[in-house]
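Student: Just dropping this structure here.
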Amino acid sequence: MAFSLYSHILTHKSLKPNNFTYPSLFKACGSHPWFDHGRALHTHVFKFLEPPYDHFVQASLLNFYSRYGKLSLSRYLFNQICKPDLATWNSILAAYARNTSIDLSVDALFLFNEMQNSLIRPNEVTIVALIGVCADLGALSQGTWAHAYVLRSNLRLNRFVGTALIDLYAKCGCVDLANQVFDQLPHKDTLCYNAMIRGLAIHGHGRKAVDLFDKMRWEGVRPDDVTLVVVMCACAHVGLVEEGLKCFESMKEVYGIEPKLEHYGCLVDLFGRAGRVREAEEMVRMMPMKPNAVLWRSLLGASRLHGNLELGEVALKHLIQLEPETSGNYVLLSNIYASINRWDDVSRVRKLMKDHGVDKTPGCSLIEIGGAMHEFIMGDKTHPHSKEIYLKLEEISRRLHAHGHRPRTKEVLFDIEEEEKEDALSYHSERLAIAFALIASDSNAPIRIIKNLRVCGDCHVSTKLISMIYDREIVVRDRNRFHHFRNGTCSCLDYW
Ligand SMILES: [Zn+2]
Ligand SMILES: [Zn+2]
């Protein structure tokens, strides 16, 4: 409708589009999948309107690109708007919240700071975007500040704010706080339940997740396909194979939902973790769609846990095909070959990696101490307290040794690690973060770390021991899941 009027304007001799023409058209393009239309329309703005462009035209353009996740373009347009209003701030922050990269999330926090300096008061929409950014960063104190802001400013704890908070607390490792927010929400819809069940699942509370799923249906809230993913994922984490299977079977029969790739992925994970590797493999071959990287990674986990080298090899070959630029896959495959002394294959994989121009992703850990974020890279010596950190690491090593811990060597068959150690002294990033936390925060509060790669076997064993020796809870969110280290054990039950 809007477009047919527009083409009428264009074809009519005496009519010309003006400032009032474009905002509603961009809005239409943003709410339908009409990206190409919108982009073409953008060229018309250049053609028919004179700069400086009207505020509403600029804002509608920004909103359009933000909805399609075009962050750098959105930011460019935002920078041209001289006095952004609340809606404009919300558009740009939402664009940042749609991204999950650490650098961009940090930029978003700076941007929010600027917004506050410009004296524009955030509303619920702003807060949802801010909390989303904090959740990705694991910035618990910033996120808690946002929560306090909601309470202090009489903003509504509506289901969007509530769901964002549940997600934040769960992703920062505080599942109890997530639960509190969930209980406080007056109206809970499918999204709220999904966030809470997912929170319970990633923290290994499988039984509670299944119970909440029962409660959800009891309360008459209709599960969607995401609900079924998170429930099955919860079952997989704690080995509730029958419950998980039941869920899968009920999808079509009870809820009329066609299983998607994610659901098959959960099923593979469910079998794999329970040691039913053959069934997991079967599932990957039989499923009606092409398996993606998540599925192969899940099979890789199963083969690793149950010592099935051949399957591990197959899974990694597929992973390298699907993700040729992810360095971790090459390192894992070459480590498998190294562990069984197939050195020709090791050098072949290394060459493949070089041919594809893949650089190794350095391991990197983020930790928040006293409201400030600290970043550590493997073998990092750039931190201002580097000297103390390395002294602490030596002390930790001595105490680990006294508890009988020996660093893993190649004799351990099939100990596959995504990260490499250049030498015995280049510590993985999470160790640096843990050492720093032990020095810098003397309270008994849990140490919370966010890592960009998978935790390696050696760090996993060591961190379990450190949690016991230093009597500190350590929560690590790695690329795949959460690990709660407490009293010498981990919530992942050594499967990750
Ligand atoms: Zn490690
Ligand atoms: Zn673990």
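The values are calculated or read from the model by the stated rules, or taken from the named source; none is laboratory data. It should be emphasised that the depicted structure is a prediction, and the values quoted were computed from it without experimental measurement. All Cβ positions, even for glycine, are placed from backbone atoms using ideal geometry, and neighbour counts span all protein chains on display. Heads up: the accessible areas ignore ligands, DNA and RNA and are worked out on the full protein's heavy atoms, side chains in. Shrake-Rupley method; radii C 1.70, N 1.55, O 1.52, S 1.80 Å.
Student: Using a Förster radius of 51 Å, what is the FRET efficiency between PHE35 and ARG285 based on their Cβ-Cβ separation? Nearest 0.05, please. Can you show the working numbers first?
Tutor: On the way: r = 36 Å, r/R0 = 0.71.
Given R0 = 51 Å and the Cβ-Cβ separation, E is 0.90.
Student: Give me, ordered by chain and number, the residues 5 or more places off ILE449 or on other chains with an amide H under 5 Å from its own placed amide H.
Tutor: VAL475, VAL476, ARG477
Student: Output ³J(HN,Hα) for segment 156-163: one whole-Hz value per residue in order, computed from phi by the Karplus curve 6.51 cos²θ - 1.76 cosθ + 1.60 with θ = phi - 60°, and x for Gly and Pro.
Tutor: Each residue's phi maps through the Karplus curve to give 7, 7, 7, 5, 6, 4, x, 4 Hz.
Student: Can you give the calculated 222 nm mean residue ellipticity of the chain, where each DSSP H run of n ≥ 4 adds -39,500 (n - 2.57) and the sum is split over every residue, rounded to the nearest 500 deg cm²/dmol?
Tutor: Details: 24 runs with 308 residues, N = 496.
Here the helix-only value at 222 nm equals -19500 deg cm²/dmol.
Student: Which net charge results when you count Lys and Arg as +1 and Asp and Glu as -1 among the other residues whose beta-carbon is under 15 Å from that of ASN63?
Tutor: Values: positive: LYS27, ARG39, ARG67, LYS70, ARG75, ARG98; negative: ASP54, ASP85.
With Lys, Arg at +1 and Asp, Glu at -1, the net is +4.
Student: Using a Cα-Cα cut-off of under 21 Å, which lysines could be cross-linked to LYS360, ignoring same-chain neighbours fewer than 8 residues away?
Tutor: LYS317, LYS351, LYS381, LYS410, LYS421, LYS451
Student: On to the next question. First select every other residue whose beta carbon is under 15 angstrom from the beta carbon of VAL125; then total the charges, Lys and Arg +1, Asp and Glu -1. It would help to have the intermediate numbers written out before the result.
Tutor: On the way: positive: ARG67, ARG98, ARG121, ARG156, ARG159; negative: ASP85, GLU124.
Once positives and negatives cancel, what remains is +3.
Student: Per-residue counts of other Cβ atoms within 10 Å, averaged by peptide: what ranking do you get for 150-162, 256-268, 123-135, 84-96, highest first? Working shown, then result.
Tutor: Details: 150-162: 15.2, 256-268: 18.8, 123-135: 23.5, 84-96: 21.3.
The most tightly packed comes first, giving 123-135, 84-96, 256-268, 150-162.
Student: Still on this structure, I have one more. Relative contact order for the chain using alpha-carbon pairs under 8 Å, separation at least 6, rounded to a whole percent? Please list the in-between numbers first.
Tutor: Numbers: 724 pairs, mean separation 37.9, N = 496.
RCO, the chain: 8 percent.
Student: Ok, one more. Excluding GLY38 itself, calculate the net charge of residues whose Cβ lies under 13 Å from the Cβ of GLY38, where each Lys or Arg counts +1 and each Asp or Glu counts -1.
Tutor: Details: positive: LYS27, ARG39, ARG67, LYS70; negative: ASP36.
Result for the neighbourhood of GLY38: +3.
Student: Once phi is turned into ³J(HN,Hα) by the Karplus curve 6.51 cos²θ - 1.76 cosθ + 1.60 with θ = phi - 60°, what whole-Hz value does each residue of segment 89-99 show in order, with x for glycine and proline?
Tutor: Each residue of segment 89-99 in turn: 4, 5, 4, 5, 5, 5, 4, 5, 5, 6, 8 Hz.
Student: What FRET efficiency comes out for ASP355 versus ASP103 if R0 is 45 angstrom and r is the Cβ-Cβ distance? Round to the nearest 0.05.
Tutor: Details: r = 28 Å, r/R0 = 0.63.
Efficiency for this residue pair is about 0.95.
Student: Between PHE46 and LEU86, what is 0.36 nm times their sequence separation minus the Cα-Cα distance? Round to one decimal in nm. Intermediate results must be reported in sequence, preceding the final value.
Tutor: Numbers: separation 40, 0.36 × 40 = 14.40 nm, distance 2.56 nm.
Additional length available on full extension: 11.8 nm.
Student: Near LYS47, which lysines are there with a Cα under 28 Å away, not counting those fewer than 8 places off in the same chain?
Tutor: By straight Cα distance, LYS47 reaches LYS13, LYS16, LYS27, LYS70, LYS83.
Student: Which distance in nm do the two modelled labels at ARG398 and PHE56 give, with both placed 7 Å along the Cα-to-Cβ direction?
Tutor: Distance between the two pseudo-spin positions: 7.3 nm.
Student: In addition: If you average the C-alpha positions of segment 299-375 and of segment 84-101 separately, how far apart do those two centres end up, in angstrom?
Tutor: When both Cα centres are located, 35 Å separates them.
Student: Then there's this: Which of the peptides 277-285, 328-336, 392-400 is most tightly packed, and how do the rest follow, judged by the mean count of other Cβ atoms within 10 Å per residue? Kindly include the intermediate steps, with their values, before the conclusion.
Tutor: On the way: 277-285: 17.4, 328-336: 23.9, 392-400: 15.4.
Packing proxy ranking, top to bottom: 328-336, 277-285, 392-400.
Student: Of CYS174, CYS233, which has the most accessible area and how do the rest follow, probe 1.4 Å?
Tutor: Numbers: CYS174 15, CYS233 35 Å².
If we order CYS174, CYS233 from most to least accessible, we get CYS233, CYS174.
Student: Still on this structure, I have one more. Based on the mean of other Cβ atoms within 10 Å per residue, sort peptides 211-220, 463-472 so the most packed one is first.
Tutor: Working: 211-220: 13.7, 463-472: 18.3.
Going from most to least packed, we get 463-472, 211-220.
Student: Rounded, prolate or oblate: which one fits segment 257-333, using the alpha carbon gyration tensor with axes a ≥ b ≥ c (rounded when a/c is under 1.5, else prolate when a/b beats b/c, else oblate)? Each step should come with its number before you reach the end.
Tutor: On the way: a/c = 2.14, a/b = 1.24, b/c = 1.73.
Because a/c hits 1.5 or more and a/b fails to exceed b/c, segment 257-333 counts as oblate.
Student: I'd like the FRET efficiency for SER7 and SER72, computed as 1/(1 + (r/R0)^6) with the beta carbon distance as r and R0 of 51 Å, rounded to 0.05.
Tutor: Numbers: r = 31 Å, r/R0 = 0.60.
With R0 = 51 Å, the Cβ-Cβ based efficiency is 0.95.
Student: Got a sec to turn the phi values of segment 312-319 into Karplus ³J(HN,Hα) couplings, 6.51 cos²θ - 1.76 cosθ + 1.60 with θ = phi - 60°, whole Hz, x for Gly and Pro?
Tutor: x, 5, 4, 4, 5, 4, 5, 4
Student: By the gyration tensor of its Cα atoms, with a ≥ b ≥ c the square roots of the eigenvalues, what is the shape of segment 269-377: rounded for a/c under 1.5, prolate for a/b over b/c, or oblate?
Tutor: On the way: a/c = 1.87, a/b = 1.27, b/c = 1.47.
Note, shape of segment 269-377 comes out oblate.
Student: How big is the gap, in Å, between the Cα center of segment 121-188 and the Cα center of segment 229-270?
Tutor: 28
Student: Determine the per residue accessible area of the chain with all protein chains present and a 1.4 angstrom probe, expressed in square angstrom. Write down the numbers at each step before the final one.
Tutor: Numbers: 24300 Å² over 496 residues.
Value for the chain: 49 Å² per residue.
Student: Using a 1.4 Å probe over the heavy atoms of the protein chains, calculate the carbon and sulfur portion of the accessible area of segment 250-372 as a whole percent. Kindly include the intermediate steps, with their values, before the conclusion.
Tutor: Details: 3160 of 6060 Å².
Carbon with sulfur: 52 percent of the solvent-accessible area.
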